[in-house]
Amino acid sequence: MNLFTNLQRSINNSLKSNAFCINTMFYTYADFAQIISNIRVAIKESINENDSNIGLITNDDIYTYASIVALWLEGKAYIPLNPEFPLDRNVTVINQANIESILDSSDTIVFSEFNSISTLNIKNYELNLKPSEVSNDTLAYIFFTSGTTGTPKGVPITFGNLSGFIEAQWALDYTITAEDRCLQMFELTFDLSVVSYLAPLLKGACVYTIPKDEIKYSYIFELMEDHELTYALMVPSILHYLRAYFNEINCPSMKYSLFCGEALPLDVTEEWSKCVPNATIANVYGPTECTIYCMDYTFKRNCENKTHNGVLTIGKDMINTSTIIVDDNNNEVAIGEPGELCLSGVQLTPGYWQNEEKNKEVFFYKNHNGKETRFYRTGDLCSADKDGDVLYLGRVDFQAKIQGFRVELSEIEFHTKSALNKMNAVALAFTNVINNTEVGLVIESKPMDTKQLLDYLNEKLPKYMIPTQIKFVDGFPLNTNGKTDRNALTQLFTNQYM
Amino acid sequence: METTHIKETISQVLQSILEHNNFEMNDELTAKDVDGWDSLSHMMILTKIEEAFQIKFKLRDLNKLKNLGSLVAVIQSKR
């Protein structure tokens, strides 16, 4: 497979360069190559050849990253297990993915009841980066995301999917070279981590990670400034945290500043562009199901940018993805009309792991450009303009029905932010004590008088869209993926009845 | 300002936000040791401390706040 021959070549060509900076320690590509080779021996010795789904304890260290590459070179998939997640959730994942063996770099093995293999302090073996033969259908990883029913659902991604993504990534004009210093801010249970380590490794660049016990946003800032990072993919929530300190940030070294995972508001992006004056800023989009991301929009400085409710467009398909926007009957909607965004192409997962019911729900075949094509329904409500740029309107399931009216929560957020001069706000639908749906509003601020805000909203929105309750928090909580935790915020409204 | 006085004020801030006082104000105290001190309450606590001491933390200060001892040191450096 080209992907791994390329990775092998990149590592071999960069042996003296830094591959990782983890918790202020630098590791060269030679260090990395040695640890990968050692772990490969351990895998061959301790894991059954036919055992393909291997658990990986996601520590922030060189052994964990080397384990991923070692597993791939052996043609095996990794399933990330965050040791800080509830035991119950990890065991569910282990059972669902039929995991028998787990690679673990912890001082004390986390799951002693499984075939856990310590990746720490293995003795040195001869360097071996030669990939074993794998097919495009072989799994590279399975990431488990929270399912609506409470059981996590597994998204398997094949080496073919991953190769397709990397090919599409290189086709974007966000070039990484061996001189680059790249941010990897994501938990390894979140698929944005994959591009954050793999793309730099394929180019001989250096990957900078974030220690687990640090405050993410302030640590990112220090890395950007102290190590003059040149490439960073982040979730927009980081910007919301940093916004109060934007006047302290000036990073001329940054060349590419990408955002993914959440709606990216235009106003914050414009302010951020002054903190990274030389950077190309981009908004990329995609669900785990379509391998990391599959759509892209380059932010235009000092120019009009397309938005909806203040949220930047997600742009156009990357080269290996083809999108359509459909109505409830899977018929394509007219230009400008809202519908559900559906994705197809080589990046698309073969389907949820052992979950036929869910697969029937979200994957469907449709004739597209004369070919029977498999599509995935994203649950994202979008519209496309005449240029083919896709505007993100909100989640299909963030659309609430209030007194029978359809309500787009992002619209309420947009008007609230306009009224409050840049404060961050989240609108939520919650079920009140008599099982009616109400709109709640959480504002990232100290408590204040809301009369002016409500007067403004009443000017802009129909009565049924006006929040019935308003709460204040000093900072929005994040879930483990670094996104605003809407569930936790919803509890501000629902817990009072318990 | 005296260390004991600073700690007393921090203790009051913690109690007002977390609504309990099940913690000991020693220098090694970290957020992990205190029930309810999570990412959501962290921002609230910092804001309240800024108010109480009439100071403003810089972005660079935030990484230095490893435990109570370093928090007290950063506050002292700002007064």
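Values in this text are rule-based calculations from the coordinates and carry no lab data. Since this is a predicted model, take the numbers as computed values, not measurements. Reconstructed Cβ throughout: ideal geometry from the backbone, glycine too, with neighbour counts over all protein chains shown.
State the percent of C-alpha pairs, over all pairs in segment A:352-471, separated by a distance greater than 24 angstrom.
So the portion of pairs separated by more than 24 Å is 45 percent.
In what order do A:His368, B:His20 fall by count of nearby beta-carbon atoms within 10 Å, going from fewest to most?
By the 10 Å Cβ count, ascending: B:His20, A:His368.
Please report, largest first and rounded to whole Å, the three semi-axes of the ellipsoid equivalent to the protein assembly as shown, where each semi-axis is the square root of five times an eigenvalue of the C-alpha gyration tensor.
Numbers: eigenvalues 270, 212, 111 Å².
Over the Cα atoms of the protein assembly as shown, the ellipsoid semi-axes are 37, 33, 24 Å.
Return an integer: the convex hull volume of the alpha-carbon atoms of segment A:10-101, in Å³ per residue.
88 Å³
Place +1 on the Cβ of every Lys and Arg and -1 on the Cβ of every Asp and Glu in segment A:62-215, take the dipole about the Cα centre, and give the residue among A:Thr175, A:Asn90, A:Leu73 whose Cα lies farthest towards its positive end.
My answer, from the dipole projection, is A:Leu73.
When the distances between all Cα atoms of segment A:6-58 are binned every 10 Å from zero, what whole-number percent does each bin get?
21, 39, 33, 6
I want to verify the translational diffusion coefficient of segment A:136-274 in µm²/s; compute it with Stokes-Einstein, Rh as the Kirkwood radius over Cα pairs, at 25 °C and 0.890 mPa s. Each step should come with its number before you reach the end.
Numbers: Rh = 16.4 Å.
Calculated translational D: 150 µm²/s.
Can you pull the one-decimal nm distance between simple spin-label points at A:Ser17 and A:Glu361, each 7 Å off the Cα toward Cβ?
Each label point is offset 7 Å from its Cα along the Cβ direction, giving 4.5 nm.
Roughly what angle does helix A:62-73 make with the longest principal axis of chain A, taking Cα atoms, 0 to 90 degrees, to the nearest 10?
80 degrees
Find the percent of Cα-Cα distances in segment A:428-487 that exceed 18 Å, and round it to a whole number.
Here the long-distance tail beyond 18 Å is 46 percent of all Cα pairs in segment A:428-487.
Treat the count of other C-beta atoms within 10 Å as a stand-in for reagent exposure and order A:Ser322, A:Ser46 from fewest to most.
With the sparsest Cβ surroundings first, the list reads A:Ser46, A:Ser322.
Peptide A:473-479: average number of partner chain Cβ atoms within 10 Å per residue?
For peptide A:473-479, the averaged partner shielding equals 5.
Assuming 1.002 mPa s and 20 °C, estimate D for segment A:318-407 with Stokes-Einstein, Rh taken as the Kirkwood radius over Cα pairs, in µm²/s.
So the translational diffusion coefficient is about 152 µm²/s.
If you fit an axis through the alpha-carbon atoms of helix A:29-46 and take the longest principal axis of the Cα set of chain A, what angle between them do you get, 0 to 90°, nearest 10?
80 degrees
Let me have the 222 nm mean residue ellipticity of chain B computed from DSSP H runs of 4+ only, each contributing -39500 (n - 2.57), with the sum over all residues rounded to the nearest 500.
Helix contribution divided over all residues of chain B: -17500 deg cm²/dmol.
Please work out the Cα center distance from segment A:288-307 to segment A:1-70, rounded to the nearest Å.
Going from one Cα centre to the other spans 31 Å.
What is the ratio of the Cα radius of gyration of segment A:108-191 to 2.2 N^0.38 Å, where N is its residue count, to two decimals?
Dividing the Cα Rg of segment A:108-191 by 2.2 N^0.38 Å gives 1.48.
With no solvent and one point per C-alpha, what does the Debye sum give as log10 I(q)/I(0) for segment B:1-57 at q = 0.24, 0.26, 0.28 Å⁻¹?
-1.06, -1.23, -1.37
Against the longest principal axis of chain A, how steep is helix A:192-203, in degrees 0 to 90 to the nearest 10, with axes from Cα atoms?
50 degrees
Reported to two decimal places, what Rg/Rh ratio describes segment A:70-155 when computed on Cα atoms with Rh from the Kirkwood expression? If you can, show how the numbers build up before the last one.
Details: Rg = 14.8 Å, Rh = 14.7 Å.
In segment A:70-155, Rg relative to Rh is 1.00.
How many nm separate the modelled label positions at A:Val91 and B:Ser16, each set 7 Å beyond the Cα in the direction of the Cβ?
4.3 nm
What share of the DSSP beta bridges in the protein assembly as shown is antiparallel, in percent to the nearest 5?
Antiparallel: roughly 65 percent of the beta bridges in the protein assembly as shown.
Hey, could you get me the Stokes-Einstein D for segment A:255-412, Kirkwood radius over alpha-carbon pairs, 10 °C and 1.306 mPa s, rounded to whole µm² s⁻¹?
Approximately 96 µm²/s, per Stokes-Einstein.
Cα atoms only, segment A:31-180: Rg and Dmax in Å?
15.9, 48
Return the inverse of the average 1/r over all pairs of distinct C-alpha atoms in segment A:209-280, which is the Kirkwood hydrodynamic radius, in Å to one decimal.
12.3 Å
Quick check of the Kirkwood formula: for segment A:307-362, what is the inverse mean of 1/r over all pairs of different Cα atoms, in Å?
On the way: mean 1/r = 0.0746 Å⁻¹.
Answer for segment A:307-362: a Kirkwood hydrodynamic radius of 13.4 Å.
Just the ratio, please: alpha-carbon radius of gyration of segment A:86-131 over 2.2 N^0.38 Å, N its number of residues.
1.44
In whole angstrom, note down how far apart the Cα centers of segment B:2-26 and segment A:106-130 are.
Centre-to-centre distance over Cα atoms comes out at 43 Å.
Select from segment B:18-79 those GluC sites (Glu not before Pro) which occupy a DSSP coil region and have at most 16 other Cβ atoms within 10 Å, ordered by residue number.
Values: sites: B:Glu19, B:Glu24, B:Glu28, B:Glu50, B:Glu51; in loops: B:Glu19, B:Glu24, B:Glu28.
Passing sites in segment B:18-79 are B:Glu19, B:Glu24, B:Glu28.
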